[in-house]
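Peer 1: The structure follows.
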Amino acid sequence: MQVFPVRYIDPVFRPPSEADSLILPLTNGCSWNRCTFCEMYTAPQKRFRARPDVEVLDDIRRSAEVLGTEVRRVFLADGDAMTLSTRRLLDVLRAIREHLPAVHRVSTYCLPRNLRHKSAGELRELADAGLAIAYVGAESGDNEVLDLVDKGETFSTTIDALDKLGAAGIRRSVMILNGLGGAALSAQHADNSARLVNAAQPEYLATLVVSFPKGEARFRERFPAWSPLSMHELFVEMERFLAALDLRRTVFRSDHASNWLVLKGTLGADKARLLDQVRQAIAAPESARLRPAWARGL
């Protein structure tokens, strides 16, 4: 039996749109790993470390031997491969180009903090070497919400990172967490998240619903007053967020398993249709095509 060429430490995560990509870990876990809403890298075996260059390059060579031209996309994992130096990232991208010539898209998660010490020139080098998309978990554009969930970022640091990526020609996929501010901060969370997205004009935008499969204790230690939004309140927050968006050409997806209401379109062309869908779900949820509760999850 042929052994898969990449060495993984479970669990492994990737964006929904990278389902057909080769997942190539450059790091294990997340270097920040303090966001109280995130359960992705809390397992003991996911303690952060950068994988040695020799391991990563060996994975690339083995992938070429085993998978060859089947590999068309590569996702650089785990939580923030972009924390590595530009030199190390360029070595990986050049090895992908050399050994996996059929690859036409390389992508990665990116924390805004990853870019504070990377110059515009370095990011352009990475784009020229093949880095095409960065998935940036903004989560919120509201500074109070960001502080309460220990994101370690602000509106300003997030927009700075998104602008840097955009200027370098790296496409941005921004993620916002519906319900993150709870009932008390829902309106400002929606308003300032829309303000952030409007300022960035990202190529892609996605919304997920905040959820806690392992319980809320860690989250509430820092945000004790948080109260979850009902399905109706989530729709009201989404309507407020969408109504405030002023985007020219952003592909929008709200189809993650956590979402009750699946929304897909391009903003701004489809804004009116998407708002109609949300308003129908607010006014008459029984007539809206909602995801059943058993189908929601992570």
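The values are calculated or read from the model by the stated rules, or taken from the named source; none is laboratory data. Owing to the predicted nature of the structure, the values given are computational and were not obtained by experimental measurement. Don't worry about glycine lacking a Cβ; one is built from the backbone with ideal geometry, like all the others, and counts go over all protein chains shown.
Peer 1: Please find, among PHE212, PHE235, the residue that is within 19 Å of the chain's Cα centre (by Cα) and either closer than 21 Å to PRO285 by Cβ or outside any strand (DSSP E or B) (or both).
Peer 2: Numbers: PHE235 fails: within 19 Å of the chain's Cα centre (by Cα).
Residue meeting the stated conditions: PHE212.
Peer 1: Ok, one more. State which residue is nearest to the chain's Cα centre (by Cα) when the search covers only the stretch 183-203 and only residues that are more than 24 Å from HIS232 (Cβ to Cβ) and surrounded by fewer than 19 Cβ atoms within 10 Å (Cβ to Cβ). I'd like the intermediate steps shown before the answer.
Peer 2: The initial filter retains those residues of the stretch 183-203 that are more than 24 Å from HIS232 (Cβ to Cβ), namely 195-196, 198-203.
Filter again for surrounded by fewer than 19 Cβ atoms within 10 Å (Cβ to Cβ), leaving 195, 198-199, 201, 203.
Details: ARG195: 18, ASN198: 17, ALA199: 18, GLN201: 16, GLU203: 13 Å.
Restricting to residues being more than 24 Å from HIS232 (Cβ to Cβ) and surrounded by fewer than 19 Cβ atoms within 10 Å (Cβ to Cβ), the top hit is GLU203.
Peer 1: Please verify whether ALA293 is surrounded by fewer than 17 Cβ atoms within 10 Å (Cβ to Cβ) and over 21 Å from the mean Cα position of the chain (by Cα), treating the condition exactly as stated. Walk me through how you get there before you give the answer.
Peer 2: Values: surrounded by fewer than 17 Cβ atoms within 10 Å (Cβ to Cβ): yes; over 21 Å from the mean Cα position of the chain (by Cα): yes.
Answer is yes for this residue.
Peer 1: If you don't mind, another one. Need the failing condition index for HIS104 against (1) loosely packed, with under 15 Cβ neighbours inside 10 Å; (2) more than 23 Å from ILE9 (Cβ to Cβ); (3) in contact (Cβ under 8 Å) with a residue 40 or more places away in the chain, just the number.
Peer 2: Answer for HIS104: the failing condition is (3).
Peer 1: Now for a different question. Limited to the stretch 275-290, what total is found for residues that are of a type in the set (D, E, K, R) and at pLDDT 95 or above?
Peer 2: The total comes to 2.
Peer 1: Please go through the stretch 204-223 and pick out each residue that is surrounded by fewer than 14 Cβ atoms within 10 Å (Cβ to Cβ) and not charged (D, E, K, R).
Peer 2: Selection gives PRO213, GLY215, ALA217.
Peer 1: Another question about this same structure. Which one of SER173, SER140 is touching a Phe, Trp or Tyr at 6+ places or on another chain (Cβ under 6 Å), surrounded by 17 or more Cβ atoms within 10 Å (Cβ to Cβ) and polar (S, T, N, Q)? Before you say what the answer is, go through the steps one by one.
Peer 2: Details: SER140 fails: touching a Phe, Trp or Tyr at 6+ places or on another chain (Cβ under 6 Å).
Criteria check complete, one pass: SER173.
Peer 1: Another question, if that's okay. Contact list please: Cβ distance under 9 Å, first residue in the stretch 79-100 and more than 15 Å from ASN114 (Cβ to Cβ), second residue assigned to a helix (DSSP H, G or I) and among the basic types (Lys, Arg), pairs at least six apart or on different chains.
Peer 2: Pairs that qualify, where the first residue is more than 15 Å from ASN114 (Cβ to Cβ) and the partner is assigned to a helix (DSSP H, G or I) and among the basic types (Lys, Arg), are ALA95/ARG61; HIS99/ARG61.
Peer 1: Right, something else. Hey, can you tell me all the residues within the stretch 224-266 that are surrounded by 19 or more Cβ atoms within 10 Å (Cβ to Cβ), under 23 Å from ARG172 (Cα atoms) and among the aliphatic types (A, V, I, L, M)?
Peer 2: Matches in the stretch 224-266: MET238, LEU242, LEU245, LEU247, LEU263.
Peer 1: Separate question: Can you pull out every residue in the stretch 23-49 that is among the aliphatic types (A, V, I, L, M) and at pLDDT below 95? Outline the logic, then answer.
Peer 2: If we filter the stretch 23-49 for residues that are among the aliphatic types (A, V, I, L, M), which is where we start, we get 23-24, 26, 40, 43.
Within the stretch 23-49, MET40, ALA43 meet the criteria.
Peer 1: Let me ask something else. Has the stretch 219-230 got at least one residue that is in a helix (DSSP H, G or I), within 30 Å of LEU165 (Cβ to Cβ) and in contact with a helix residue (DSSP H, G or I) (Cβ under 9 Å, 6 or more places away or on another chain)? Outline the logic, then answer.
Peer 2: Step one: filter the stretch 219-230 for residues in a helix (DSSP H, G or I), giving 219-222.
Still in the list and also within 30 Å of LEU165 (Cβ to Cβ): 219, 222.
Next cut, in contact with a helix residue (DSSP H, G or I) (Cβ under 9 Å, 6 or more places away or on another chain) only: 222.
There is at least one residue in the stretch 219-230 that is in a helix (DSSP H, G or I), within 30 Å of LEU165 (Cβ to Cβ) and in contact with a helix residue (DSSP H, G or I) (Cβ under 9 Å, 6 or more places away or on another chain).
Peer 1: In the stretch 120-137, what count of residues is obtained for those that are surrounded by 15 or more Cβ atoms within 10 Å (Cβ to Cβ), in a helix (DSSP H, G or I) and in contact with a Lys or Arg (Cβ under 7 Å, 6 or more places away or on another chain)?
Peer 2: The qualifying residues number 1.
Peer 1: Could you tell me how many of the residues in the stretch 159-189 are part of a helix (DSSP H, G or I) and farther than 11 Å from CYS110 by Cβ?
Peer 2: Quick first cut of the stretch 159-189, residues part of a helix (DSSP H, G or I) only: 159-168, 186-189.
Now drop any that are not farther than 11 Å from CYS110 by Cβ, which leaves 159-160, 163, 166-168, 186-189.
The qualifying residues number 10.
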